[in-house]
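In what follows, a structure is listed as structure tokens, so that the remarks can point back to it.
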Amino acid sequence: MNEIENHVPLLYEDVCQIIETSRSRLATTVNSEVCLLHWYIGSRIKEDVLYNKRAEYGKAIVKTLATKLTERYGKGWSDRKLLHCIRAAYTFTKDEIIYATRIQLTWTHLRSLMFIEDTLKRSFYLEMARIEHWDTRTLDQKIDSLLYERTALSKKPEELINQELQKIQSTNSLTPDTVFRSSYFLDALGLAETFSEKDLENAILYNLQSFIKEMGNDFAFLDRQKRITVDSVDYRIDLLFFHRSLKRLVAIDLKLGKFKPEHEGQMLLYLRYLNKNERKDGEESPIGLILCSEGNTEHIEYLMLEESEIKVAQYYTQLPDKKLLSEKLQKAIAVARENQK
């Protein structure tokens, strides 16, 4: 009896593992078939509509087809659903659908992505969703918060953006230009209208999870007010993080007001100290992020900080008007790309 009692737990674990593995494979297969089914339907309808070349015909045929499909297969085949299928066929190739399902994106993910017209922007969100394992709610939140427009990547020429996205896909790792942003939304910290740098630091530590969620995945908190000593003079780094994907220490300095040139010298001292005394084997050189409450891009442009290991960004303690922010970011992207020609 003891022999049986000792043997059953191991057998039980093995059988459970077989069941879980089978379920996982089945879920992946089902998801793939669902996405391809929708794409095939969209492609077939697209062919018919394009052949007849009449917009009114297209609307009528989709509505009629939806009614007949619902009669035969039940709910789930509305004209709106069919329009999503058609849009998927216009947006993605079959190979792109297969790739998306292989990296475990669902039809709901694809439905959000298909409404992004810019191909490179869409590829950015697709790869970020893959690497950071975003559910569909997170993906929608990132798109709505203009994440792509806030990255340094978006300001590069299209050819370089494409090269970097291909590199991310092949190496399965992020780059500083996809990790760091030109602005951060810290509205979740609940700060009053007037606050000090110390208040900001305390709010970040109190709401660390919200802060890291805004910063992006793979940030690990290491220290606050990290003391370093140079020539018997003590300095303190406001916040010290480690980014697992970049394999880099990240020093963060919090500033009220606009960026000033002396902030660069201070951060440069921090980074050189960290590189010499804190960097471990296998890590890349440390990187710095100066967070300012006001933006002034000319200083950053003249100091060429966009090309250095020091990043400067503006933070908002209250959500800005999305339309105005979008216009501001689009203008910044256009200017940056023009300057790189």
### Message
Could you list ILE98, ILE41 so that the one with the fewest beta carbons within 10 Å of its beta carbon is first and the one with the most is last?
### Response
ILE98, ILE41
### Summary
Expressed in nanometres to one decimal, the distance between label points 7 Å along Cα→Cβ at LEU10 and TYR73 is 4.8 nm
### Query
Which of the GluC sites (Glu not before Pro) found in the stretch 100-200 are in a DSSP loop and have at most 11 neighbouring Cβ atoms, other than their own, within 10 Å?
GLU117, GLU193
### Task
Could you rank the peptides 107-114, 165-172 by their average count of other C-beta atoms within 10 Å per residue, with the highest value first?
107-114, 165-172
### Task
Report, in cubic angstrom per residue, the convex hull volume of the C-alpha atoms of the chain.
227 Å³
### Task
Kindly put LYS280, LYS311, LYS226 in sequence by how many other C-beta atoms sit within 10 Å of each C-beta, fewest to most.
LYS280, LYS226, LYS311
### Query
Hey, what did the chain get for relative contact order, percent, Cα under 8 Å, at least 6 apart?
13 percent
### Query
Based only on the alpha carbon positions, what is the Kirkwood hydrodynamic radius of the stretch 85-244, in angstrom?
17.8 Å
### Query
So for ASP79, ASP14, fewest C-beta neighbours within 10 Å to most, what's the order?
ASP14, ASP79
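The numbers here are math on the coordinates, done by the rules we state, and not lab data. From a predicted model like this one, the values you see are computed outputs, not experimental measurements. So basically every Cβ, Gly included, is an ideal-geometry build from the backbone, and we count neighbours across all protein chains shown.
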